[in-house]
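Taking it in order: structure first as structure tokens, then the write-up.
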Amino acid sequence: MKEFFPKVPKIEYKGVGGDALSFKFYNPDEVINGKTVKDHLRFAMSYWHTLCGDGTDIFGKGTQDKSFGGSNAMETAKNKAYAGFEIMDKLGIDFFCFHDRDVAPEQATLAETNKVLDEYVGIIEELMAKYNKKLLWGTTNAFGNPRFTNGAATNCNADVFAYAAAQIKKAIEITVRLKGEGYVFWGGREGYMTLLNTNLGLELDNLGRMLTMARDYGRSIGFKGDFYIEPKPMEPTTHQYDYDVSTVLGFLRKYDLMDDFKMNVEANHATLAGHTFAHELCVARENGVFGSIDANKGETFNGWDTDNFPTDVYDTTMAMIQVIKAGGFTKGGTNFDAKLRRASTDPEDIFKGYIAGMDAMALGFKLASKIIADGRLDAFVDDRYSSFKSGIGAKIVAGTTNLAELEKYAMDLGEVSTNKSGRQEEFEAILNSIIFG
Ligand code: XUL
Ligand code: CO
């Protein structure tokens, strides 16, 4: 089989002195808390950015050739698959994630598209067996084609809802065929631009109906993985319905989907919602819906979904504290929903992007493990809330008091004068001393 990246060797861990095509911090075999770092992090390649995205932006055409030597759409699609497995193999990445439309071009009719999709999924199935790779999650692209201009499940046209349902059905089938561990719903255009032309109530009810049908169908054909919602507050629509983890929690509870759905939390989507990545992960974990992550970062000052590879170690550390406290990944993992900058045009740059991201996530994981083992932060938080462990606090937590009793208690209290310092600066300094010490 043709080698697409002959200048790139298998990427190995060489420590901080290593060359550009080596890991500096990610040592896949290093064991932490009884498990290898590789198994803790469960890295995944995103098919769309890695094999399809060519640097096109709204002001200019692509700068990175992603034809992989193919002379027509079909040959290109095949070569993408071969190149993708070479990339995963050389980086030692065990998983990948894909949309239906990433792997096979759309044809004149849905039936023909499905036929071609099956053919390409067959190629991927063979490559998975050959390279021993797994599908972390599948999904459908129900946002790119102009038919989805007004959304998929939240479209104003019932025919488009039906079309999206057909695409979701097929995408779940191929996810099951490839033994995918998850299935993601990112609400591509599920939202609206203006209330002047939108029936928000019907659109949300229809989204609930679509996800219920998808859940029921998936379970009926043997899908045992997790369904994930991937929150995002805006872009492409002005108001995306799946705004953030809290909003999605309200939605899942309303439509009775909590038993089957978890969150796929993306760093750059958190930023767009005005949250940190760690905040979104913490809300997911505290509500029992932590599932998987899309690792990346935005450009701090412009607030777009730029999907840079994550390299900010403070961010990855704070995020990994939440991942570890959630009990780590079970069916989920760390998918790099990240792409090269438009100006990164060497074929080897894709490896350097993944190396930078994998190193930053691994370093974040190691530092987070150290911070948790150090124990000072957790001990302080525990002590800060200790008034809820006994007396009136314990009664509040147990739900065995009421406003009348609390009023009496407060009357007897006199002035509350026990504000203890939150010591934020001290703990920021402790964080630095663990990271750099
Ligand atoms: C878009 C995004 C998607 C999802 C999968 O912002 O993150 O690529 O991860 O559809
Ligand atoms: Co994403």
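What to note about this one:
- Note on segment 278-330: Kirkwood hydrodynamic radius from all Cα pairs is 11.8 Å, rounded to one decimal.
- The chain, dipole about Cα centre (Lys/Arg Cβ +1, Asp/Glu Cβ -1), debye to the nearest 20: 720
- Solution diffusion estimate, µm²/s, Stokes-Einstein, segment 1-109, Kirkwood Rh from C-alpha pairs, 10 °C, viscosity 1.306 mPa s: 99
- Of all lysines in the structure, those lying under 27 Å Cα to Cα from Lys7, and not within fewer than 8 positions of it along the same chain, are Lys24, Lys38, Lys61, Lys66, Lys78, Lys80, Lys90, Lys130, Lys133, Lys134, Lys339, Lys352.
- Available extension along the chain between Asp256 and Ala373 is 38.4 nm, counting 0.36 nm per residue and deducting the alpha carbon span.
- The P(r) of segment 46-106 has a tail past 20 Å containing 26 percent of all C-alpha pairs.
- Residue-wise HN-Hα coupling along segment 292-301, computed from phi with Karplus coefficients 6.51, -1.76, 1.60 (Hz; x: Gly, Pro): 8, 10, 9, 8, 5, 7, x, 7, 3, 8
- When the P(r) of segment 239-369 is calculated, the portion above 16 Å amounts to 62% of the C-alpha pairs.
- Peptides 166-175, 265-274 ranked from most to least packed give 265-274, 166-175, packing being the mean of other C-beta atoms within 10 angstrom over each peptide's residues.
- Stokes-Einstein D in µm²/s, Kirkwood radius over Cα pairs - the chain at 20 °C with 1.002 mPa s viscosity: 91
- Accessible surface of the chain, 1.4 Å probe, proportion on carbon and sulfur as whole %: 55
- Sequentially through segment 170-180, phi angles give Karplus couplings (6.51, -1.76, 1.60; θ = phi - 60°) of 5, 5, 5, 4, 6, 5, 5, 4, 8, 6, x Hz, Gly and Pro residues having no value and appearing as x.
- Where both bridge residues fall in the chain, DSSP classifies roughly 15% of the beta bridges as antiparallel.
- For Cys156, no residue whose modelled amide H falls within less than 5 Å of its own remains once neighbours fewer than 5 places apart on the same chain are excluded.
- In the chain, helical runs assigned H by DSSP with n ≥ 4 each contribute -39500 (n - 2.57); averaged across all residues and rounded to the nearest 500, the mean residue ellipticity at 222 nm is -14500 deg cm²/dmol.
- As a rough guide to protection, the peptides 279-290, 38-49, 15-26, 398-409 ranked by mean Cβ packing within 10 Å, highest first, stand as 38-49, 279-290, 15-26, 398-409.
- Shape call, segment 363-437: gyration tensor on alpha carbons, a/c limit 1.5: prolate
- Whole-Å distance, taken between Cα centres, linking segment 231-289 and segment 362-437: 26
- The chain, accessible area per residue, ligands and nucleic acids excluded (1.4 Å, Å²): 47
- Between amide H atoms placed 1.01 Å from N, distances below 5 Å from Phe185 occur with Tyr228, Ile229, Glu230, all of them 5 or more places distant or on a separate chain.
- Ordering of 321-334, 50-63 by burial proxy (mean other Cβ atoms within 10 Å per residue, highest first): 321-334, 50-63
- Under Karplus coefficients 6.51, -1.76 and 1.60, residue-wise ³J(HN,Hα) of segment 381-393 in Hz, glycine/proline x: 4, 4, 5, 4, 9, 5, 5, 8, 8, 9, x, 5, x
The values are calculated or read from the model by the stated rules, or taken from the named source; none is laboratory data. Small disclaimer: the values here were computed from a predicted structure and weren't measured. Methodologically, a virtual Cβ is constructed for each residue, glycine included, from the backbone with ideal geometry; neighbour enumeration extends over all protein chains shown. Accessible surface areas use protein heavy atoms only, side chains included; no ligands, DNA or RNA. Shrake-Rupley method; radii C 1.70, N 1.55, O 1.52, S 1.80 Å.
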